[in-house]
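The values are calculated or read from the model by the stated rules, or taken from the named source; none is laboratory data. All values reported here derive from a predicted model rather than from experimental measurement. Neighbour counts are summed over all protein chains in view; Cβ atoms, including those assigned to glycine, are modelled from backbone coordinates with ideal geometry.
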Amino acid sequence: MRRGAPFMTSKVMMRLGEFGFSIDTASYSALSTHTKAKIGAADRVGKNPARQFTGWDQTKSIKGAVYPYWRGGRKQIPAMRQMVKNGVPLLLVDSLGSVHGYWYLESLNDDESRFSPDGIAQKWDFALELSYYGERPPK
């Protein structure tokens, strides 16, 4: 990764593509992983459906907050939104250096609160939904 890349600090909790989640910027407070077996069913006359394992699917949910006046600024949520709009699988790496493969950032929900007298939010909550793409980058 480049030194000085946007939204990066030396204390990164997790990195999704070039976006770094950290205590100083967009920190997450909850990380959920859902893994599901995919079982296909074929109907049979007079019998129960024939079932077969066809693979698996995995999703992640990340919830956190940005405090725009703390350090990260107001550009972080718009940067996440652009990542959703780009529709490109992004490499997910945790703070221990473990690589979790490539993930689509499928959705972003955000809520602004604690407004200053000039109408600017002091807290910006976010929730991200990711779906697993695979171990290798797209071609």
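Within the range 89-96, one or more residues are within 15 Å of F21 (Cα to Cα), in a strand (DSSP E or B) and in contact with a His (Cβ under 6 Å, 6 or more places away or on another chain). Within the range 117-131, the set of residues being within 16 Å of A26 (Cα to Cα) and either more than 8 Å from the chain's Cα centre (by Cα) or not acidic (D, E) (or both) comprises A121, Q122, K123, W124, D125, F126, A127, L128.
Among the candidates S22, S27, S61, the residue that is at pLDDT 95 or above and surrounded by 11 or more Cβ atoms within 10 Å (Cβ to Cβ) is uniquely S61.
Just need a number here: residues in the range 130-139 that are part of a strand (DSSP E or B) and either modelled with pLDDT under 90 or surrounded by 17 or more Cβ atoms within 10 Å (Cβ to Cβ) (or both).
So the answer is 3.
Among the conditions (1) free of Cβ contacts under 8 Å to residues at least 60 places away in the same chain; (2) out of contact with any helix residue (DSSP H, G or I) (no Cβ under 7 Å at 6 or more places or on another chain); (3) surrounded by 11 or more Cβ atoms within 10 Å (Cβ to Cβ); (4) more than 21 Å from Y133 (Cβ to Cβ), the only one that D43 does not satisfy is (3). Checking each residue in the range 95-134 for being in contact with a Phe, Trp or Tyr (Cβ under 7 Å, 6 or more places away or on another chain) and of a type in the set (D, E) picks out D110, E112. Quick one: which residue in A79, A30, A42, A50 is in contact with a strand residue (DSSP E or B) (Cβ under 8 Å, 6 or more places away or on another chain), outside any strand (DSSP E or B) and among the small types (G, A, S)? Result of the check over A79, A30, A42, A50: A79.
Hey, G73 hits all of (1) outside any loop (DSSP other than H, G, I, E, B); (2) in contact with a strand residue (DSSP E or B) (Cβ under 9 Å, 6 or more places away or on another chain); (3) not polar (S, T, N, Q) but one; which does it fall short on? Failing condition for G73: (1).
Scanning the range 56-103 for residues that are among the aliphatic types (A, V, I, L, M) and touching a Gly at 6+ places or on another chain (Cβ under 7 Å) gives V66, M83, L90, L91, L92. Restricting the range 96-106 to residues that are modelled with pLDDT of 90 or more and small (G, A, S) leaves a set whose member that is nearest to K11 (Cα to Cα) is S98. Among the residues here, N109 qualifies as in a strand (DSSP E or B), loosely packed, with under 13 Cβ neighbours inside 10 Å and at pLDDT 95 or above. The residue list Q58, Q76 contains one member that is of a type in the set (S, T, N, Q) and either without any contact (Cβ under 8 Å) to a residue 40 or more places away in the chain or farther than 17 Å from S32 by Cα (or both), which is Q76. When the range 83-116 is filtered for residues that are of a type in the set (A, V, I, L, M) and under 12 Å from the mean Cα position of the chain (by Cα), the ones remaining, listed by number, are M83, V84, L90, L91, L92, V93, L105, L108.
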